[in-house]
Amino acid sequence: MVRYVYDFTVGGRDMADLLGGKGANLAEMTRMGLPVPPGFTVTTQACRAFLTTGTEPDGLAHEISEHLTTLEEAAGRRLGQPDDPLLLSVRSGARFSMPGMMETILDIGLNDDSVFGLAKASGNERFAWDSYRRLVQMFGSTVMGVDSAVFEQAMTQLKDLRGAPDDLHLDAGDLAQLVETYKNLIKYETGEDFPQLPAEQLRRAVLAVFESWNGERARLYRRREHIPDDLGTAVNVQTMVFGNLGPDSGSGVAFTRDPATGARGVYGDYLSNAQGEDVVAGIRNTVPLDELGRLNPEAFAQLRDHMGMLETHYRDLCDIEFTIERGRLWMLQTRVGKRTAEAAFAIAAELVDEGLITADEGLARVTGDGLARLMFPRFDTSAVGDPLAHGIPASPGAAVGAAVFDSAEAVRRAAAGEKVVLVRQETTPDDLPGMIAAQAVLTSRGGKTSHAAVVARGMGKVCVCGAEEITVDPQGRRFTVGATTVEEGTVISVDGSEGAIYPGAAPLVDSAVMRYFETGERSAGLVDAVARAMQQADGVRRLGVRANADTPEDAARARRFGAEGIGLCRTEHMFLGDRRQLVEAMILARTNVERERALEGLLPLQRKDFIGILEAMDGLPVTIRLLDPPLHEFLPDRTELAVRLAAAEAHGNPPSAHDAELLDAVNRMHEENPMLGLRGVRLGLVAPGLVAMQVRAIAEAVVERKRAGGDPRAEIMVPLIDTVEELRLVREEVEQVLAEVSKASGVPVECPVGTMIELPRAALTAGRIAQEAQFFSFGTNDLTQTTWGFSRDDVEAAFFSAYLDKGIFKVSPFETIDREGVGRLVEIAVAEGRAARPGLKIGVCGEHGGDPESVHFFHGAGLDYVSCSPFRVPVARLEAGRAAL
Ligand code: ADP
Ligand code: MG
Ligand code: MG
């Protein structure tokens, strides 16, 4: 037979699935011998049964009444007994803490008779009526569905009438009157009387807590926190203790350490003569917990003693809810407490030092997300005012600068030494120079994987995107939020960690953790704690960590951050800027001679880039991807060009021969779906000389580095392979060029040639592809686009938020790898690739390489390394370590 109810003396903390977090921990504290008011827990299983069938499961009522009898016998009083009532609290408590999301009802068992009994037994009439009015209020709103504002209004009216500054100034008579008012309000609002039978109160309260699982607030919270909807909540039924029995009573919350910094000490709040709800509700001002030391030294000493016991027992920061009844301390709740990223690292290091946990356990207690937060400068939260607007926190950190509204202005002002924030409706590749010049990027449209967000994250630049409250007016060079207008040049502050925008220059606090990664300078406290976690992670991780870097500066930084090579060196930026003209000439070339001349112009420039990168990564692998994007990305925009030429013509200036040619080329190369068009390996196979030029630049850079005594380890990676045939053809060309350069220079050049796996067909035929490929690298951005059939640039703005709201996916597949679909392709390709070529080296170089959850997946899938932007390298190292635990 299923058992639905467990006494606190029976459960324990390993039963949280069944008893919920609160119930499991109440049982644990009971077992530890701490003073916990007796009670029992109704399981989450009972809740699930109730929610699916709509009725109480068989036997539940009986089990509850049996446990109630046990409580009553131990207390020597019955629930709601008229002359001396036993009172109960009915408390929700799910597997994962959902603070304030569900319901708790206190003082069950009071009615028109037992309130007098309570008054007499306690010798405190005011207390009895105060408790009764709380019950009617909580029961009325939670169980009977009356808007709680109705009760609050009645309370306010009475306080005004009496001239009472707070509820403590209402006397027994006032409170008795309030109870009458409340009961009338309930009757008026629901047509029903407040139930007088204690057993009925209890039963209905339990069911109301079950139902609160599906309340709107709770559902929203679960969606945001990625908590499954089908877990249900447990219900804890517990003997009441009273913090509202006078000045020697009270209620409070406590932390065993400072949850903000991890520092040891006494942290918390206390409110005397109050029931627990009042502490969080903020209806009266609490005092700092150490004040309790003066008010009640004995209870305080006992509390500290219990806190020490709990921390040792849980081997972690605990938070605690307690009540003091007439000088006697009762423990009402504990759990492993939430904490800031800073506190997480500090506490982990301290607990390791104290010998409470192992270094591996310490590593498990910190996260890559937390580390990322610590790497950015922050606004001093105590000093900033109200935000001007909110958006999506797309790339963390804090930045201050003058608002500018186009890329050119950003570049111009930055060159003059001014700090700027680039504000755009959304960004495109044309905004790149401005993004590089700016301290931060702010957009009014687009999600976490919009162009602005992705590029900013890649650069480690602060970004808030999708700030829909603001209206950007690029022509007028200003943006507006409600009635506020921010003109170009006005200083604003952007908090990419919180997704907030502040007016003016908010004060900044520097990141010591970032300084540590940049310089290796290790200081005491937080930095030392981070350094130790990193050391531990590097010691245990199996996954290598490389960086995506396209410039010597990025490569050098990545190396300082611990990158063990470059997993993706994109060559496309080498075709931008002044070089665009050469690229244009190459595309427009009508003869082989013209084309070769253009390619020859590009060659020395590319070679120089590669030399710099190979030097920065000397001795470590550098995976260079051959040109990937469609060529027309390097030509002017089709519509803009057509409009410009038409306008010129209207003014009597016919297009020049060059312009006409350009327009012709742009039209010829126009593609409806460029991401699925002529790009990647396809381009290399149809644009003569392009692959050879790039490979020559790489090979000659290798030669030059070797001659300089270096240890260059270039690897050549072919993008967007569908079939092994494509790779075979390109590889022949690559090898021919390598051989030519070796021969001509007398320096042997051997570069492994591998491929990206970023199309489903490539993943599914990985066994064949591996026959030609010396390594694989998953391009999970394109693989996600092509597996889902999502055009990333289009879908995010169009419907991703709707998909997230509907729960179709819990997180964007561009942010965290979709294990079921894309992940499945990865697993197939790993298995078949390695079967065909044992020991095949396999990495990943998409955005996902720096995403903590995805790193865990890649570890499990048996990859050799992940590659991510330089700033994510420490995060990936840490998570790769955690994945190996
Ligand atoms: P939440 O999960 O929202 O914190 P709780 O179930 O912890 O809700 O209840 C809120 C508060 O109600 C507690 O912090 C405590 O002060 C008070 N409370 C709950 N049960 C009891 C009890 N048995 N005796 C006295 N106060 C209680
Ligand atoms: Mg609580
Ligand atoms: Mg790709």
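See the values below:
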quantity: Residue among L356, L329 that alone is of a type outside the set (K, R), away from ligand 1 (no atom under 16 Å from the Cβ) and over 22 Å from the mean Cα position of the chain (by Cα); calculated: L356
quantity: E726 out of contact with any Leu (no Cβ under 7 Å at 6 or more places or on another chain) and either at pLDDT 95 or above or surrounded by 23 or more Cβ atoms within 10 Å (Cβ to Cβ) (or both); calculated: no
quantity: Residue within the range 141-155 that is over 39 Å from the mean Cα position of the chain (by Cα) and hydroxyl-bearing (S, T, Y) present; calculated: no
quantity: L19 in contact with a helix residue (DSSP H, G or I) (Cβ under 8 Å, 6 or more places away or on another chain) and part of a loop (DSSP other than H, G, I, E, B); calculated: no
quantity: Residue within the range 329-340 that is closer than 27 Å to Y502 by Cβ and either assigned to a helix (DSSP H, G or I) or out of contact with any Leu (no Cβ under 7 Å at 6 or more places or on another chain) (or both) present; calculated: yes
quantity: Some residue of the range 105-120 being under 26 Å from Q238 (Cβ atoms), surrounded by fewer than 18 Cβ atoms within 10 Å (Cβ to Cβ) and touching a Phe, Trp or Tyr at 6+ places or on another chain (Cβ under 9 Å); calculated: yes
quantity: Residue satisfying condition, being surrounded by fewer than 24 Cβ atoms within 10 Å (Cβ to Cβ), without any contact (Cβ under 8 Å) to a residue 40 or more places away in the chain and in contact with a Gly (Cβ under 8 Å, 6 or more places away or on another chain), within set D269, D248; calculated: D269
quantity: Residues of the range 337-359 satisfying the condition of being within 16 Å of ligand 2 (Cβ to nearest atom) and crowded, with 19+ Cβ neighbours inside 10 Å; calculated: G337
quantity: Residue under evaluation I320, criteria (1) within 15 Å of ligand 1 (Cβ to nearest atom); (2) over 13 Å from R257 (Cα atoms), criterion not met; calculated: (2)
quantity: From the options L295, L310, residue that is out of contact with any Lys or Arg (no Cβ under 6 Å at 6 or more places or on another chain), within 16 Å of ligand 2 (Cβ to nearest atom) and either of a type in the set (A, V, I, L, M, F, W, C) or assigned by TED's automatic domain parsing to the domain that holds N25 (or both); calculated: L310
quantity: From the options S493, S407, residue that is in contact with an Asp or Glu (Cβ under 7 Å, 6 or more places away or on another chain) and crowded, with 21+ Cβ neighbours inside 10 Å; calculated: S407
quantity: Among (1) outside the structural domain of D495 (by TED's automatic domain parsing); (2) over 20 Å from F517 (Cβ atoms), the one test that A349 misses; calculated: (2)
quantity: Where D166 falls short, out of the listed (1) surrounded by 12 or more Cβ atoms within 10 Å (Cβ to Cβ); (2) in contact (Cβ under 8 Å) with a residue 40 or more places away in the chain; calculated: (1)
quantity: Meets criteria (more than 16 Å from ligand 1 (Cβ to nearest atom), in contact (Cβ under 8 Å) with a residue 40 or more places away in the chain, of a type outside the set (D, E, K, R) and not assigned by TED's automatic domain parsing to the domain that holds E584) for A665; calculated: yes
quantity: Counted residues, the range 1-20 - those being touching a Gly at 6+ places or on another chain (Cβ under 6 Å), at negative phi and not aromatic (F, W, Y); calculated: 1
quantity: Test: residue in the range 772-782 that is modelled with pLDDT of 95 or more and at positive phi; calculated: no
quantity: Enumeration of residues in the range 26-43 that are away from ligand 1 (no atom under 11 Å from the Cβ) and touching a residue at least 12 places away in the same chain (Cβ under 8 Å); calculated: A27, E28, M29, T30, R31, M32, L34, P35, F40, T41, V42, T43
quantity: Filtered residue count, the range 523-544, keeping only those that are surrounded by 23 or more Cβ atoms within 10 Å (Cβ to Cβ) and either part of a loop (DSSP other than H, G, I, E, B) or touching a strand residue (DSSP E or B) at 6+ places or on another chain (Cβ under 6 Å) (or both); calculated: 1
quantity: Entirely in the range 83-163, the helices (runs of 4 or more DSSP H) that have 3 or more residues that are away from ligand 3 (no atom under 16 Å from the Cβ), under 15 Å from Q275 (Cβ atoms) and modelled with pLDDT of 95 or more; calculated: 125-138
quantity: Filter result (within 14 Å of ligand 3 (Cβ to nearest atom) and either of a type outside the set (S, T, Y) or without any contact (Cβ under 8 Å) to a residue 12 or more places away in the chain (or both)) within the range 762-789; calculated: A762, A763, F776, F778, G779, N781, D782, L783, Q785
quantity: Helices (runs of 4 or more DSSP H) contained in the range 633-724 and holding at least 2 residues within 16 Å of ligand 3 (Cβ to nearest atom); calculated: 681-686
quantity: Selection status of R284, within 16 Å of ligand 2 (Cβ to nearest atom), of a type in the set (D, E, K, R) and modelled with pLDDT under 95; calculated: no
quantity: Unique residue being buried (at least 19 other Cβ atoms within 10 Å of the Cβ), more than 16 Å from ligand 1 (Cβ to nearest atom) and within 21 Å of F139 (Cβ to Cβ) when the list is L86, L60, L79, L71; calculated: L60
quantity: Members of the range 313-336 that are acidic (D, E) and within 14 Å of ligand 2 (Cβ to nearest atom); calculated: D319, E321
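Yes/no per residue for (1) over 22 Å from F210 (Cβ atoms); (2) without any contact (Cβ under 8 Å) to a residue 12 or more places away in the chain; (3) within 16 Å of ligand 2 (Cβ to nearest atom):
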residue	(1), (2), (3)
A46	no, no, no
T52	no, yes, no
E56	no, no, no
G59	no, no, no
R91	no, no, yes
G123	yes, yes, no
M138	no, no, yes
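The values are calculated or read from the model by the stated rules, or taken from the named source; none is laboratory data. This is a predicted model, so every value here is computed, not measured. Note that each Cβ is placed from the backbone with ideal geometry, even for glycine, and that neighbours are counted across all protein chains shown.
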